[in-house]
Amino acid sequence: MKIKDFITTTTITFSIIASLAINDFTYAADNFDQSIDMPAETLRDKIRGGLLGQLLGNLNGLEHEMKYINAPGNVKEYTPALLEGARTDDDTDLEWVYIVAMQRNNTVLLPPELITQLWLERINNRIWCSNQYARQLMDIGFQPPLTGSIVFNPWANFNISGQFICESFGLVAPAMPQTAAKIGLNYTRVTIDAEPAQTTQLFTTMIATAFITDDIDNIIDSGLKAIDKNCAIRTIVNDVRKWHRLYPHDWRTTRRIVKEKYSLHGGEMRDRNGHELNTASTIAALLYGRGDFVKTLITAFNFGWDADNNAATSGTIIGVIKGCRWMMQQNWQIVDRYHNTTRDNMPMDETITSFADRIIDLAECVIIENGGQRKNISGQIVYQIPTEKPMNIVPLPNLENQIAHLQTEQKSAIINTIKNETDTQKLAFAAYSAICLDLAQSLNENYPKQWSKALVALNKYPKVVQVLFFHSPFTEGDLLRKKALTAGLKKPEQKIKIW
C-alpha cells in the first residue's frame, strides 16, 4: 500500500514569518507554498542523529527504567556512550523489524497479514504488556489493527507502545508530519488504540518537524496540532508546559505535580507504563533540556517511570536537531554496532550506520512517493521535500461505539464458526471474540455443546489463556477476566512461562 492511498495528503507548509537557516538547511520564504530543498547530506546527518539519539536514550536509560516511581532520580552527571555498541531492545528492535521489511518489500505501509507474519517469525521473546498480549492474539488468528483494539487487548487503552515504537517512522518522513503519523499508526496500532494512538501522532509529528526547526516550543506546537482536540494527551502536554513556565528552573516541582495529578491507579502498572506519566516526562525532558542533548536525557532519566522510553523519544528529537556530525564531534565513545540479541530471523551483522542507511533509503522513497524529487544542483544532491501541516489523522475512538460496530460486523461470522467449524484456531478465535464482545452468554444458551467445544479449542492455546488471566492489567484486565469466567473459561491452575 502506498502512502497516498492511505489518506489524501496535502503539501501545505508550516506558517513561518521569516526565512531561516538551520544546520545547513534553508527554509526560504518563497518556498512556503509547496516544498523545501534540503541537501542530501543534511538529511542523512539528521536521520543518523535521530537514530543515534534514540539508541543513546534507550540503552543509557535502561539503568534508570522503573527505578524512580515515588521520588525522582538524582542524576547530575552523564556522558553519552555506547562502549560496546548498541544492542536490540524493545524500544528500537520492533521498529528495526519493520524497517528491514519495509526496505526489502519496497513498501512503506506493510499490510496486516505481512505484519502478522513478521511477528510470528521474528518477535517471540523479550516483549511485555501490550506487545506480549498482541503476539498471543496472533496465535489464534487475530491480525492488526484488531490486535491493538481496546476491545480485544486490555493493555491497548493506556500502554506506551504508541510512543516507544514510533520514533523511526518520524525519521522516515522528514518535514511531512501527516505522513509520519500515518506510517507510525500503521505499526503502533498493532498493539495500541485510543489515547496511545494520539501519542504516536504527537511524537512522530514532533520528530518530522524537528527536521525544519530547532525551536522546542514550535516542535511541541506542531505535535499538539496532530492530536484529537478532546484527548487527554493534549491536557497533559499543556499542563507540563504551564508548570514549566511557573517553575522554569525547578524540574523537581514539576515532576511532583505531574505525579500528584497523573498517578491515579494506586501504583498499578498504568502508573509506571502508562501514557499519562511518560508523555508528561518526555515533554518535560524537552522543555527543561532546551535543546541540550545531555540535559534533555538527564531530565528524562530523573523523571523516572519508564525512563528509557522517554529518553529515547526526546533523544530522537534532539538528535535530529543536532545531527550526527555534531554528536560525533563531542568525542563520546560510540562503537558502530547494533547487536541482535532478541529478534529471530533478523540480521546478525547490523551496525548503527546500516540501520540508519535503511531509514535514509526509506525516507527517499517517502519523499518521492509524496511528490518530491532527488535533484542535482551544481553538483550537490538535494531533496525537494513536499511539506505538510500537522493534522490529526486518527481521532479518539469511542469504546462503546467500537464494541457495537464489531458486534454488528462479526456476530454472524462468530455464530457460524461456533456452529459449524472444526478448525481449532478458528474456534479459538471465535470463542475469544465472543467473550470480548459480550456474545458468549447467548451462544452458550443457544448452542451449549458447540460453545463448550469452542472453549476447549481456546484452551489449546495456553499462552492466550495465560495472558488473559495472569498478564493483563488492573481494571481492564479484571473486566475481561470476569467475562471469561462467566463464559465458562477456567482460570489456569498456575502461571507458565510465555517466553
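For segment 449-476, the tally of residues that are more than 20 Å from residue 192 (Cα to Cα), outside any loop (DSSP other than H, G, I, E, B) and among the aromatic types (Phe, Trp, Tyr) stands at 1.
When segment 80-106 is filtered for residues that are in contact with a helix residue (DSSP H, G or I) (Cβ under 9 Å, 6 or more places away or on another chain), surrounded by fewer than 16 Cβ atoms within 10 Å (Cβ to Cβ) and of a type outside the set (Gly, Ala, Ser), the ones remaining, listed by number, are 105, 106.
Count of segment 111-127 residues, restricted to those that are surrounded by fewer than 20 Cβ atoms within 10 Å (Cβ to Cβ), out of contact with any Lys or Arg (no Cβ under 6 Å at 6 or more places or on another chain) and in contact (Cβ under 8 Å) with a residue 60 or more places away in the chain, is 5.
Kindly check whether there is at least one residue in segment 157-164 that is surrounded by fewer than 24 Cβ atoms within 10 Å (Cβ to Cβ), more than 26 Å from residue 44 (Cβ to Cβ), touching a helix residue (DSSP H, G or I) at 6+ places or on another chain (Cβ under 9 Å) and not polar (S, T, N, Q).
Within segment 157-164, the subset surrounded by fewer than 24 Cβ atoms within 10 Å (Cβ to Cβ) is 157.
Narrowing the set further to residues that are more than 26 Å from residue 44 (Cβ to Cβ) leaves 157.
From the residues that got through so far, the ones that are touching a helix residue (DSSP H, G or I) at 6+ places or on another chain (Cβ under 9 Å) too are 157.
From what's left, not polar (S, T, N, Q): none.
No; the residues of segment 157-164 include none that is surrounded by fewer than 24 Cβ atoms within 10 Å (Cβ to Cβ), more than 26 Å from residue 44 (Cβ to Cβ), touching a helix residue (DSSP H, G or I) at 6+ places or on another chain (Cβ under 9 Å) and not polar (S, T, N, Q).
Table: residues versus (1) in a loop (DSSP other than H, G, I, E, B); (2) buried (at least 16 other Cβ atoms within 10 Å of the Cβ); (3) touching a Lys or Arg at 6+ places or on another chain (Cβ under 9 Å).
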| residue | (1), (2), (3) |
| --- | --- |
| 36 | no, yes, no |
| 45 | no, yes, yes |
| 67 | yes, no, no |
| 77 | yes, no, no |
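Going through segment 254-308 one residue at a time, which ones are modelled with pLDDT under 95 and either among the basic types (Lys, Arg) or assigned to a loop (DSSP other than H, G, I, E, B) (or both)? Spell out how you get there, then give the answer.
Here is the first cut: in segment 254-308, the residues modelled with pLDDT under 95 are 264-273.
Scanning segment 254-308 gives 264, 265, 266, 267, 268, 269, 270, 272.
Taken as a whole, segment 398-410 holds no residue that is in contact with a Phe, Trp or Tyr (Cβ under 9 Å, 6 or more places away or on another chain) and under 18 Å from residue 179 (Cα atoms).
Please determine, by comparing only the residues of segment 314-330 that are in contact with an Asp or Glu (Cβ under 6 Å, 6 or more places away or on another chain) and assigned to a helix (DSSP H, G or I), which one is farthest from residue 82 (Cα to Cα). Filtering segment 314-330 for residues that are in contact with an Asp or Glu (Cβ under 6 Å, 6 or more places away or on another chain) and assigned to a helix (DSSP H, G or I), the one farthest from residue 82 (Cα to Cα) comes out as 321. In the set 433, 378, 354, only one residue is hydroxyl-bearing (Ser, Thr, Tyr) and surrounded by 17 or more Cβ atoms within 10 Å (Cβ to Cβ); that residue is 433. Just one of the listed residues (302, 331, 309) is under 29 Å from residue 249 (Cα atoms), polar (S, T, N, Q) and touching a Gly at 6+ places or on another chain (Cβ under 7 Å), namely 302.
With the structure loaded, tell me whether residue 254 is out of contact with any Pro (no Cβ under 8 Å at 6 or more places or on another chain), under 25 Å from residue 319 (Cβ atoms) and polar (S, T, N, Q) or whether it fails that test. Judged against the criteria, residue 254 is a match.
May I ask you to verify whether residue 370 is assigned by TED's automatic domain parsing to the domain that holds residue 124 and closer than 30 Å to residue 125 by Cβ? Explain how you work it out, then say what you get.
Numbers: assigned by TED's automatic domain parsing to the domain that holds residue 124: yes; closer than 30 Å to residue 125 by Cβ: no.
The answer is no for residue 370.
Would you call residue 316 closer than 16 Å to residue 253 by Cα and among the hydroxyl-bearing types (Ser, Thr, Tyr)? It is false that residue 316 is closer than 16 Å to residue 253 by Cα and among the hydroxyl-bearing types (Ser, Thr, Tyr).
Is one or more of the residues making up segment 57-65 closer than 30 Å to residue 270 by Cβ, of a type in the set (S, T, N, Q) and buried (at least 17 other Cβ atoms within 10 Å of the Cβ)? Working first, answer last.
Residues of segment 57-65 that are closer than 30 Å to residue 270 by Cβ, as a first pass: 57-65.
From what is left, the residues that are of a type in the set (S, T, N, Q) are 58, 60.
Okay, now just the ones that are also buried (at least 17 other Cβ atoms within 10 Å of the Cβ), so 58, 60.
Yes.
Quick check: anything in segment 443-461 under 22 Å from residue 189 (Cα atoms), not aromatic (Phe, Trp, Tyr) and not assigned by TED's automatic domain parsing to the domain that holds residue 274? The answer is no, given that none of the residues of segment 443-461 is under 22 Å from residue 189 (Cα atoms), not aromatic (Phe, Trp, Tyr) and not assigned by TED's automatic domain parsing to the domain that holds residue 274. Being more than 21 Å from residue 399 (Cα to Cα) and modelled with pLDDT under 95 is the requirement here; does residue 495 meet it? So residue 495 passes the test.
Inspect segment 423-431 for any residue being at pLDDT 95 or above and within 14 Å of residue 153 (Cα to Cα) and give the result as yes or no. Can you show your working first?
Within segment 423-431, the subset at pLDDT 95 or above is 423-431.
Checking the rest, the ones that are also within 14 Å of residue 153 (Cα to Cα) come to 429.
The answer is yes; a qualifying residue exists.
When residue 479 is tested against (1) of a type in the set (A, V, I, L, M, F, W, C); (2) under 23 Å from residue 401 (Cβ atoms); (3) outside any helix (DSSP H, G or I), just one condition goes unmet, and that condition is (3).
How about segment 301-353: which of its residues are of a type in the set (S, T, N, Q), more than 22 Å from residue 100 (Cα to Cα) and touching a residue at least 60 places away in the same chain (Cβ under 8 Å)?
We begin by selecting, within segment 301-353, every residue of a type in the set (S, T, N, Q); these are 302, 309-310, 313-314, 316, 329-331, 333, 340-342, 345, 351, 353.
After this cut, where a residue has to be more than 22 Å from residue 100 (Cα to Cα) as well, the list is 302, 310, 314, 329-331, 333.
Across segment 301-353, the qualifying residues are 302, 310, 314, 330, 333.
Only a single item in (1) closer than 26 Å to residue 158 by Cβ; (2) at pLDDT 95 or above; (3) aromatic (Phe, Trp, Tyr) is not met by residue 451, and it is number (1).
The values are calculated or read from the model by the stated rules, or taken from the named source; none is laboratory data. Everything quoted here is computed from the prediction, not taken from an experiment. As a convention, Cβ positions derive from the backbone with ideal geometry for all residues, glycine included, and neighbour counts pool all protein chains shown.
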